[in-house]
Each structure stands twice: as structure tokens, then as C-alpha cells.
Amino acid sequence: MFNWYLFLSILFISIPGILINTPVFLRGEPVDSQGSWLKRFLISFFSTIYSILKNILIVSIFTAIGVLLHPIIKSNAPVFIAIIKKENLWQVLKIELFYASLFGIIGAIVFIYFYYIFLRLKVNKESIATMEDLRMKRYLSGRIIYDGMIAEIIMRWGLLSLIIWLFNIYLGSINNYIRLIAIAILGVMSGLVRLLIYFRKGCEITKAFIGLVFFSNIIASLIFGVLFWWRGLMAAMIAHMFFNLLWHPFDVYCYKQRKYNKYKR
């Protein structure tokens, strides 16, 4: 039986992330500067409504997938269950906050160390600049709210649940090793998508660049995937927020350094 309360509670929490990030989604849309102010207003208004509805639909699909598979694969969403049952919410949330901050902060420190000390230095500067500029254009709100809320619903609650369910169909049962393999597969899939995006933006696809992209996505998948399966969706969301909050200043520093060096020349 489809749990509509769980579906609506997860979908509801994604709405602020969609609304806040709508200007980011619309930034690349062409603007007609020749028409009247009314025409420009109407185009802007309907483009905004279309973007919001499109993203709500996408999140709804992956939310529904997770809700359908939730009782089959035994995925966790204790905070949302507590909200629905209206009991023990703060007690459950305190535990999720503890593990989320632990995973998010320690994971970010380890990731930043290897990313900036080892991997980033081996990639050509133009490709690194393209990657970092793309992240900067999403602003801190996009990286924290969109990645923390919406991306986790899509990636962990939807896609990871689907991959684990497919393993369950094929093998007849699942265990922690299968779940770990599914988490790694999701990281590889995410890396391939990112690689395609960067290639289209003009990045030079070298061994070092491929290693950097896959390292970033597989590490993130392991951190948030393990936490999602162990503690639940909300813990993965909060951990992702902490992770990006700590990472963002390094991108800002690198961006300002490039601008400063360019100005000096």
C-alpha cells in the first residue's frame, strides 16, 4: 500500500529548495530584450512557473519510487516517520543530527585534504577553473539546500533504493555487502554524468581529471549512502549540507585567487 503521508512529507520538505534555487535554474534561459515589458514579464513569469512545476514533478517521481520500495528494501526515514506519527520527533532528530554532523564534517575534512593536496594539483588549470566556476555559479544556497535536500531525495531515496531493489529481484535477498556495492555503483553513475557535463563545458578529459571526478562522486556516494542506509534520509540530507558548507570556502578562495592573479598580469 502506497504511504501517501510519507510521500507528502518528503515532497513538502523539498519545496523550499526548489523555490530558492529557481533563479539558478533559469539563469541559462534566453531572454528576449526586444519585446514590451508586459511580454518580458509574462515570459519570465511562465518560465518560473514551468521550472518550479518541472522540478516538483521530478522530485515527486523519485520520492514515489522511494516510498514504493521503502517497505520492500527496508530503507530508513525515521524523522519523517516520527513526523507522521507525531511522536518522539526531537529524540529521533537529535540522534540524526549527531551522526549527520559527524559524517558530514569528518567526511568533508578527509575529502578536502585529498582533493586539494593530491588530486587537484594533477589536473590542468583550465579544467579545474571550469569545474570550480560551475560550482560557484550555483551559489552557497544551491550547494547546501538543493544538494542537501533535493539531490539526496533523488540520489539516495530514489535511485539508490531502485538499484538495491534490482539487486534484490536478481539475487532474491540483500545484505550489507550488496548495499555497499549498490552505493558504489551509484557513485560511478554520478561520476559518468558529471564527466559528460564537464566534457560538454570544454574540460580536457585526462586520466588525472577522470580520477578527480570519480573520486569526488564515489567518496560522496559512500559517505551519504552509508549514512542513508544506516541512519536514514534526513541524516544524509543534513550531512550533505555540512559537507558542502565546509567545502564551499575553498572554492571561493580558489576563485578569488584566479581573479587576483589575472588582474595582476
Please list, ordered by chain and number, the residues whose modelled amide H lies under 5 Å from the amide H of E204; skip anything fewer than 5 residues away on the same chain. S127
Can you pull the accessible area of F214 for me, 1.4 Å probe, Å² to the nearest 10? 40 Å²
If contacts are Cα pairs under 8 angstrom and at least 6 residues apart, what is the relative contact order of the chain in percent? 31 percent
State to the nearest 20 debye the size of the charge dipole of the stretch 4-264 about its Cα centre, where the only charges are +1 on K and R beta carbons and -1 on D and E beta carbons. 620 debye
How large is the Kirkwood hydrodynamic radius of the chain, in angstrom, based on all distinct alpha carbon pairs? 20.0 Å
Could I have the simple spin-label model distance between K85 and I105, label points 7 Å from Cα toward Cβ, reported in nm to one decimal? 2.9 nm
Under a crude label model (7 Å from the Cα following the beta-carbon direction), how far is R200 from L8 in nanometres? 3.6 nm
Net charge, M149 excluded, C-beta distance under 15 Å - Lys, Arg +1, Asp, Glu -1: 0
Specify the residue with the greatest mean-square fluctuation among L192, L38, L212, computed from a Gaussian network of the chain linking alpha-carbon atoms under 10 Å apart. L38
Could you do me a favour and compute the accessible area per residue for the stretch 4-264, 1.4 Å probe, result in Å²? 56 Å²
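Report, in deg cm²/dmol and to the nearest 500, the calculated mean residue ellipticity at 222 nm for the chain, where each DSSP H run with n ≥ 4 adds -39500 (n - 2.57) and the sum is divided by the residue count. Each step should come with its number before you reach the end.
On the way: 9 runs with 199 residues, N = 265.
Computed mean residue ellipticity for the chain: -26000 deg cm²/dmol.
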Go through the stretch 61-75 residue by residue and turn each phi into a ³J(HN,Hα) via Karplus (6.51, -1.76, 1.60, θ = phi - 60°); whole Hz please, and just put x for glycine and proline. 4, 6, 5, 4, 4, x, 5, 4, 8, 3, x, 7, 9, 6, 6
For the stretch 179-185, what does the Karplus curve 6.51 cos²θ - 1.76 cosθ + 1.60, with θ = phi - 60°, yield as ³J(HN,Hα) per residue in whole Hz, taken in order and with x for Gly and Pro? 4, 5, 5, 4, 5, 5, 4
Which Cα, out of I178, F62, Y146, lies furthest along the positive dipole direction of the chain (beta carbon charges, K/R +1, D/E -1)? Y146
For I43 and S60 in the same chain, what is the full-extension length gain: residue separation times 0.36 nm, less their Cα-Cα distance, in nm? 3.6 nm
For the stretch 212-258, inverting the pair-averaged 1/r of distinct alpha-carbon atoms gives a Kirkwood value in Å of 11.7 Å
Considering only protein heavy atoms, with the full assembly of protein chains and a 1.4 angstrom probe, order R143, R200, R179, R138 by accessible area, largest first. R200, R138, R179, R143
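The values are calculated or read from the model by the stated rules, or taken from the named source; none is laboratory data. The shown structure was predicted, so the numbers you read here are calculated from the model rather than taken from an experiment. Virtual Cβ from ideal backbone geometry, glycine too; neighbours counted across all protein chains shown. Just so you know, the surface numbers come from the protein's heavy atoms only, side chains and all, with ligands and any DNA or RNA stripped out. Shrake-Rupley method; radii C 1.70, N 1.55, O 1.52, S 1.80 Å.
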